[in-house]
Structures are given as C-alpha cells and as structure tokens.
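For reference, the structure is listed below as structure tokens.
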Amino acid sequence: MPLLARMVESPLSIDIRAGAVGRLAELLADGRISSGGRVAIAVGAGLGEEIAQTVRPQLDNADIFHLDGGTVDYAREFADRLRGSFYDAVVGIGGGKTIDVAKYAASMVGLPMVAVATSLANDGLASPVASLEHGEQKGSFGVHIPIAVIVDLDYVRESPLQWIKAGIGDALSNLSALADWWLASRVRGDEVDGLAAALARSGAEAVLYHTEPIESDAFLHTLAEALVLSGLAMSIAGNSRPCSGACHEISHAIDALYPGNARHGEQVAVGALFASFLRDDDFVGPLDACLRRYGVPRLPADLGLTNEQFCTAVSTAPTTRPDRFTVLEDLSLDSEQIRKRVDEFVETFSR
Ligand SMILES: [Zn+2]
C-alpha cells in the first residue's frame, strides 16, 4: 500500500478561548514556542496599553512594541527594530493591521510569529498573507503562516459589532470564491485544490447555517474556526483563490475608488451576494438569509455607495486581479449590462 502524502503547512496550535491574552505566557510555554518568554510583543494602537498591562506581569523578559501603522515601510521599520535583539518569536496581539505588520516583519527577520487575535474582522489571522498599504494601494504580500493562532473571545465580544459582521462577510464570501474557482476550472481549465476547497467551504457553511446570537460563545467560536480554516485553505492552495473571487475583486475596486466607507469584510459580503446572484447559485437564498440574520451589509447602499458607484466598481473589478478568472471575466458585461444587472440585484434583494 503506498503511503505517500503531501505535507501541509499549518500552525502548530490553534487555541480559541476566552481569556487567552491573560494566559499568554502559559500558552507560549505549553506550545514549546518560548519557555522563557523572550519574545517581541507587538500591540496595536487601540487596546495596546490595556493588553500591555495584562501581558507585562506574566512575561517580564518580553519587549513590548506599540505599533501604529499599516504600511509596508512601517512593517520594514519594525523588522529593523527586531534585528536589534534576540527573540524566540514575534507575538502580534490585536486586530488585522497589527497582526499583518507583525507577520510581515517576522517573515523578514526569519522568526516564528504567533497571532493573538482580539477581533474577527477578516480571515487574516491564520493566513500566509499580510495585507499592507503600499503607496496609494493596499497590497497582499506572501508571508510565513503563523506558528500558533490564539483567539481571545473576551476581546472579540467587546470589539465593535461592525467588525464581527465584517468577519462574517469574509467567511461567507468563500462560497462565492469557490463557485468562481469551479467556474474557472470548467471554462479555463484552472485546477481546483479539493482539500483547500473543502476547508474553505466547511468553515463558510458552518457560519451560513448558524442560528445562535452573534455575541454567543457558540457563534463566535464557529466564526473564529471558519476564519482560521480560510487561512489554512489559502496556505494549502498556495494562493488566496479558495477565499477570493469576484467578491474580492469588487472589494479591491471599492478600496481604490471609494476608500474609507466600509470594512473589507462588509464589502466582500455585498460582492459575494452580487456575484452569487450573477451566477444564480443554489446558495444565494441561504447566503442572503444569513447576511440578514446577522445584519451584515447586502446592498451597495449598506456600504454608503450609490448604485452608480457600485456599477463603476463592478466594471473596474477585473483589473484588480488580472489573472483571476471569475464570473465577471466570464460574463464580460459592458457598462449598460452591468447597470441592468445591478438594478435587478438591488430590486431583488431590497424586498
Ligand atoms: Zn477577504
């Protein structure tokens, strides 16, 4: 019997629990990441001081860095500061921006990175991708996958509801991204990685059919797992394909054209519902129902955009990921056709 198997790069440990930040030293020692606590801890601007005070008594060998930026240059500067000393690991505690800067800097200096998420706004916590500002644009940069992922549900519950809703949107958008991947496979012969697709779909479907309240432990745990599974799916696929299709192209276009209105996960939620409507997917009904149930944006107006602005974003979307084939590239709609489909979309889902 052949015993060949592929190796899958994944974090050594995934720990989703309430009070994780308060037990960080123990978790680092238990995970064999740092027994002496000689780590560089990066905390973000928002909760930084509160987190530093929780962490300081348990980890007196650690250096704490207060981060307040999200650009590639800022992450490089942080990497330079890390080179000034010897550490077992870099621990990024906070939301997406802090974790992404810590991930990028840790990759640059070749240190393992521990992601401690205090919010669930996107699927970056366990992914091999750092999303950073570069010039005028936001770019996605390949980095090492975190060695450990810890989610503190106490902090998540205290985070703005809008961030959790954004996380729901990012998790659910996998369904649309996967439908685009299969479409690309049928039309263009792209190869779908079955394991990556299975992970991305399982996480998204667990959220899709959840009915517990948004702030319940049961729901937040499922959402955290879905976002972690998305990260693993991207790691296995070697790109963002299992979690990013037309939904994300539309969001990237909105970022470029109308920045600052809404969060990534909210934009991809609307993008996913629109793309699923264009493909006439079986799951479009449950997707709409889940977004409604948890109060996640569904229509352009929910993002503060007019229908015209959304049409412009849809027509620009394919240029944001030139090699990605999705329903937008497949239909290749002209501006009049886009206007017609967007009007139908808004009409259908406003009811
Ligand atoms: Zn995303």
message: Here are the criteria: (1) surrounded by 17 or more Cβ atoms within 10 Å (Cβ to Cβ); (2) within 25 Å of the chain's Cα centre (by Cα). Tell me which single one residue 66 does not satisfy.
response: (1)
In the range 230-261, the residues that are more than 13 Å from the ligand (Cβ to nearest atom) and either over 22 Å from residue 198 (Cα atoms) or in contact (Cβ under 8 Å) with a residue 60 or more places away in the chain (or both): 232, 235, 236, 253, 256, 257, 258, 259, 260, 261
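Yes or no: residue 295 over 27 Å from residue 129 (Cα atoms) and either away from the ligand (no atom under 16 Å from the Cβ) or buried (at least 23 other Cβ atoms within 10 Å of the Cβ) (or both)? Steps first, answer last, please.
Values: over 27 Å from residue 129 (Cα atoms): yes; either away from the ligand (no atom under 16 Å from the Cβ) or buried (at least 23 other Cβ atoms within 10 Å of the Cβ) (or both): yes.
Judged against the criteria, residue 295 is a match.
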query: Can you tell me which residues in the range 294-318 are among the charged types (D, E, K, R) and over 22 Å from the mean Cα position of the chain (by Cα)?
result: 308
field: Close pairs from the range 270-291: first more than 21 Å from residue 161 (Cα to Cα), partner surrounded by 19 or more Cβ atoms within 10 Å (Cβ to Cβ) and not hydrophobic (A, V, I, L, M, F, W, C), Cβ under 6 Å, at least 6 apart
entry: 275/176; 276/176; 284/276
task: Run residue 254 past the list (1) touching a His at 6+ places or on another chain (Cβ under 8 Å); (2) within 18 Å of residue 327 (Cα to Cα); (3) β-branched (Val, Ile, Thr) and report the number of the one that doesn't hold.
output: (1)
message: Tell me yes or no: at least one residue of the range 20-33 is small (Gly, Ala, Ser), at pLDDT 90 or above, buried (at least 16 other Cβ atoms within 10 Å of the Cβ) and in contact with a Lys or Arg (Cβ under 9 Å, 6 or more places away or on another chain).
response: no
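Let's see how each residue does on (1) closer than 17 Å to residue 18 by Cα; (2) basic (Lys, Arg); (3) not in a loop (DSSP other than H, G, I, E, B):
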| site | (1), (2), (3) |
| --- | --- |
| 115 | yes, no, yes |
| 144 | no, no, no |
| 167 | no, no, yes |
| 173 | no, no, yes |
| 176 | no, no, yes |
| 186 | no, yes, yes |
| 207 | no, no, yes |
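Taking the condition in contact (Cβ under 8 Å) with a residue 24 or more places away in the chain and more than 14 Å from the ligand (Cβ to nearest atom), does residue 178 pass? Steps first, please.
Working: in contact (Cβ under 8 Å) with a residue 24 or more places away in the chain: yes; more than 14 Å from the ligand (Cβ to nearest atom): no.
So residue 178 fails the test.
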Residue in the range 107-119 that is within 16 Å of the ligand (Cβ to nearest atom) and in contact with a Cys (Cβ under 6 Å, 6 or more places away or on another chain) present: no
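The values are calculated or read from the model by the stated rules, or taken from the named source; none is laboratory data. Predicted model, so just to flag it, every value in this text is computed and none were measured. Every residue, glycine as well, gets a Cβ built from its backbone with ideal geometry; the counts of neighbours run over all protein chains shown.
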